[in-house]
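Please see the structure below; I have some questions.
Read-outs throughout are calculated quantities, based only on the coordinates presented, and are distinct from any laboratory measurement. Small disclaimer: the values here were computed from a predicted structure and weren't measured. Please note: Cβ atoms are built from the backbone with ideal geometry, for glycine as well, and neighbour counts cover all protein chains shown.
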Amino acid sequence: MTITGQDTDAVRALRGLEDDRSSVRLRAALAVGTTPDPRFVDKLVERCAIEPEFFVRDMLTWALVRHPVSMTLPVLLREVRSEHAQARSQALHTLSKIGDPRGWPAITRTLLSDADDEVARSAWRAAAVLVPEGGESALAAVLATQLGRGGRQTQLSLSRALVALGEVTVPALRAAATAPDPLMRAHALATRQLLREPDAGFECAIEEAKRVVALGGRGQEGG
């Protein structure tokens with residue numbers, strides 16, 4: 001990256017992104033996004049991979065979204081293949097915010113089942129946004145294989161992604177509701193309930209689903 005001596009604001013912003021103080025990093029990301037410059041893209045993506053503070057990462061994503069897609073997309077598509085989990089997660093998150101359909105091929109089954117929960121959650125959200133018309137059923141079938149994994153937040157993220165796909169998820173949820181794994185059955189039932197009643201709370205839905213499973217229910221309801 002070449003910066004002339006006159007680019008003092010650019011130099012200040014780039015240095016700010018590496019400051020020890022999170023408040024300074026936040027202001028620097030805001031400045032970069034306010035005045036987009038293609039020269040910032042690589043640095044923004046690089047910083048996303050290591051930034052420890054959520055609110056700063058969110059501002060970095062906003063700054064990237066403010067740049068031309070032609071500049072950000074190639075870098076992000078490369079980043080989703082990184083060996084570092086945070087790099088993959090943030091790249092996927094940014095792709096979901098950009099919403100460009102050219103990002104869809106990067107959402108592989110490997111990412112959708114990534115061992116790192118944060119990466120998987122980002123992949124689920126990105127997939128629900130970027131899936132092409134006609135691909136929803138196939139995506140739902142893949143997402144359904146992840147039902148029952150992780151803690152509450154991970155399960156809620158997966159349920160939201162499935163619900164976002166709409167009624168096409170019903171066959172996959174019905175199949176998962178008869179699976180041998182009780183955690184998968186409960187999660188499938190809770191997600192089906194959220195699909196019927198989007199305003200229903202996930203906590204209530206999952207607890208009710210657990211009771212049904214504990215009583216021997218297999219979720220073979222119609223609809």
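At what distance in angstrom do the alpha carbon centres of segment 107-175 and segment 49-96 lie from each other?
20
Label residue 37 and residue 53 with points 7 Å out from Cα along Cα→Cβ: what is the distance between them in nm?
Each label point is offset 7 Å from its Cα along the Cβ direction, giving 2.2 nm.
Hey, what angle do you get for helix 117-130 against the long axis of the chain, alpha-carbon based, 0 to 90 degrees rounded to 10?
For helix 117-130, the angle is close to 90 degrees.
For the chain, set up a Gaussian network in which alpha carbons nearer than 10 Å are linked by springs, and say which option among 158, 195, 64 fluctuates the most.
Its mean-square fluctuation being the largest, the pick is 195.
Ok, one more. Below 8 Å between Cα atoms, with a sequence gap of 6+, how large is the relative contact order for the chain in percent? Write out the running numbers ahead of the final one.
Values: 297 pairs, mean separation 24.8, N = 223.
Taking the mean separation of contacting Cα pairs over the length of the chain, I get 11 percent.
Okay, next question. For 145, 191, what ranking results if the residue with the fewest other Cβ atoms within 10 Å of its Cβ goes first?
145, 191
From largest to smallest, what semi-axes in whole angstrom does the chain give when each is the square root of 5 times an eigenvalue of its alpha carbon gyration tensor?
One finds semi-axes of 40, 17, 13 Å for the chain.
Could the peptides 173-184, 79-90 be put in order, highest first, of the mean number of other beta-carbon atoms found within 10 Å of their residues?
79-90, 173-184
Does segment 6-101 come out rounded, prolate or oblate, given a ≥ b ≥ c as the square roots of the eigenvalues of its C-alpha gyration tensor, rounded meaning a/c under 1.5 and, failing that, prolate meaning a/b above b/c?
Oblate is the answer for segment 6-101, as a/c is 1.5 or above yet b/c matches or exceeds a/b.
Cβ under 14 Å from residue 169's Cβ, residue 169 left aside: what net charge do those residues give with Lys, Arg +1 and Asp, Glu -1?
Surrounding charge for residue 169 is +2.
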